[in-house]
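I have placed the structure first, in the form of structure tokens, so that the comments after it can refer back to it.
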Amino acid sequence: VQLQASGGGLVQAGGSLRLSCAASGRTFSNYAVGWFRQAPGKEREFVAAISLGGGNTFYADSVKGRFTISRDNARNTAYLQMNSLKPEDTGVYYCGANRAFIRATLTSGIDYWGQGTQVTVSS
């Protein structure tokens, strides 16, 4: 499956952005989706994941209550709604896919990566 992330940008602290992850090539509903981010000089880290049908979600503690992951299998797209953004949320955001939900929560578990989209939160 090919993934393409979009929707990043520059936003002030407290603002919102919605990222999209568009899929093509294979049956999107067969894959769990994870969002990850990488700040300059740091390792890529898990942000949020959603199961194949969307019934299960999981979040990193640092974004719980502020970010919401969702998906629309009819549109072959997953989303990450980010509210109350903080400067520490700055980084390149990537979406990834794996058939297993638990593996979509691990950087090492992703089989397919999209290209990143830059999110910059100014203070």
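Would you mind computing, in nm to one decimal, how far apart the modelled labels at Gln4 and Asn30 are, each placed 7 Å from Cα along Cα→Cβ?
2.2 nm
What is the percent carbon and sulfur in the accessible area of region 76-123, measuring with a 1.4 Å probe over the protein chains and ignoring ligands?
Here it works out to 50 percent.
Using every alpha carbon pair in region 70-123, what percent of pairs falls into each 5 Å bin from 0 up to the bin containing the largest distance?
Reading upward from the zero bin: 4, 16, 21, 24, 19, 11, 3, 0.
Which percent of the accessible heavy-atom area of region 9-60 goes to carbon and sulfur, probe 1.4 angstrom?
The value for region 9-60 is 45 percent carbon and sulfur by accessible area.
Taking the Cα centre as origin and putting +1 on Lys and Arg beta-carbons and -1 on Asp and Glu beta-carbons, what dipole magnitude results for region 59-121, to the nearest 20 debye?
Dipole magnitude for region 59-121 comes out near 160 debye.
Run through region 1-49 and list the trypsin sites (Lys or Arg not before Pro) located in a DSSP loop whose Cβ has at most 11 other Cβ atoms within 10 Å.
Answer in residue order: Lys42.
Based on the alpha carbons, how large is the Rg to Rh ratio for the chain when Rh follows Kirkwood?
Result: Rg/Rh = 0.94.
Report the full-extension gain for the segment Asn56 to Tyr112: residue separation times 0.36 nm, less the Cα-Cα distance, to one decimal in nm.
Answer, rounded to one decimal: 18.2 nm.
With a 10 Å radius around each residue's Cβ, average the other Cβ atoms per peptide and rank 29-35, 68-74, highest first.
29-35, 68-74
What fraction of the Cα pairs in region 9-69, stated in percent, has a spacing above 15 angstrom?
Result for the distance tail: 61 percent.
Can you give me the accessible area per residue for the chain, using a 1.4 Å probe, in Å²?
Using a 1.4 Å probe on heavy atoms only, each residue of the chain averages 49 Å².
The values are calculated or read from the model by the stated rules, or taken from the named source; none is laboratory data. All of these numbers come straight from a predicted model, not from anything done at the bench. Using ideal geometry, Cβ is built from the backbone for each residue, glycine included, and neighbour counts are taken over all protein chains shown. Remember, those area values only see protein heavy atoms, side chains included, never the ligands or the DNA or RNA. Shrake-Rupley method; radii C 1.70, N 1.55, O 1.52, S 1.80 Å.
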